[in-house]
Amino acid sequence: MNNLKLSSPWTTFYHQLEELFKNDPDVTIGMIEDEDDPTIKLFVNGEDKADALNKLLPRQKTFGNIVVDIRVIPCNKDDTKIDLFRRAFNGNSAISYIKSVSDPFENKVDYVVFENKVVQFFNDDISDINGNETTLYEDIAREVFNDAGVFFCTDTESKVL
């Protein structure tokens, strides 16, 4: 009986979470066991799963005078620049396509290709007599996403509305 060691209730809760998700390759659980402020972290691959767990799990669990913080941390393995642009522009009709290709030296080159459409909006400066700015989506993207690490282009095919 010399090996008898009692686990704290928050450690038991951690083990319960660990058991629930030990067979899930998309979830890794860790615990920072600070005496005053223990924290359980769930590292989750995939935004949908992370969002669901974040909504389902409590943010804190109280055990007497100890409050355990529970944090769901999305960690997308393939979160490259081009993946971020795919997610950011998903469903946006200004995009024609987003693609990665290899150059002759086998380096990956990423392209965000916008619809072939002239964009005009009110921009009261002296460059246009009517106060309009006339440009392309790719030019706007270059300005907005300064040094984004991808190439912004306009599709060669014009889509007539």
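The values are calculated or read from the model by the stated rules, or taken from the named source; none is laboratory data. Quantities reported herein were computed from a predicted structural model and do not represent experimental measurements. Every residue, glycine among them, receives a Cβ derived from its backbone with ideal geometry; neighbour counts consider all protein chains shown. In case anyone asks, the SASA skips ligands and DNA or RNA and just uses the protein heavy atoms, side chains included. Shrake-Rupley method; radii C 1.70, N 1.55, O 1.52, S 1.80 Å.
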- Note on the structure: Going through (1) more than 30 Å from Val44 (Cβ to Cβ); (2) of a type in the set (D, E, K, R); (3) in contact with a Gly (Cβ under 8 Å, 6 or more places away or on another chain) one by one, Glu106 fails only at (3)
- Hey, Glu138 hits all of (1) farther than 30 Å from Thr12 by Cβ; (2) open to solvent by 40 Å² or more (accessible area, probe 1.4 Å); (3) touching a strand residue (DSSP E or B) at 6+ places or on another chain (Cβ under 9 Å); (4) among the charged types (D, E, K, R) but one; which does it fall short on? (2)
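Per-residue answers, yes or no, for (1) at pLDDT 85 or above; (2) at negative phi; (3) loosely packed, with under 10 Cβ neighbours inside 10 Å:
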{"site": "Leu6", "(1), (2), (3)": "no, yes, yes"}
{"site": "Trp10", "(1), (2), (3)": "yes, yes, no"}
{"site": "His15", "(1), (2), (3)": "yes, yes, no"}
{"site": "Glu18", "(1), (2), (3)": "yes, yes, no"}
{"site": "Phe21", "(1), (2), (3)": "yes, yes, no"}
{"site": "Pro25", "(1), (2), (3)": "yes, yes, yes"}
{"site": "Phe43", "(1), (2), (3)": "yes, yes, no"}
{"site": "Ala50", "(1), (2), (3)": "yes, yes, no"}
{"site": "Pro58", "(1), (2), (3)": "yes, yes, yes"}
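Could you say which residue among Phe114, Phe43 is aromatic (Phe, Trp, Tyr) and closer than 22 Å to Glu19 by Cβ?
Numbers: Phe114 fails: closer than 22 Å to Glu19 by Cβ.
Every option except Phe43 fails the conditions.
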- Message: Suppose we keep only residues that are in contact with a strand residue (DSSP E or B) (Cβ under 8 Å, 6 or more places away or on another chain) and farther than 23 Å from Arg87 by Cβ within the stretch 103-124. Which one would you say is surrounded by the most Cβ atoms within 10 Å (Cβ to Cβ)?
- Response: Asn116
- Of residues in the stretch 27-41 being touching a helix residue (DSSP H, G or I) at 6+ places or on another chain (Cβ under 9 Å) and in a loop (DSSP other than H, G, I, E, B), the one modelled with the lowest pLDDT: Glu33
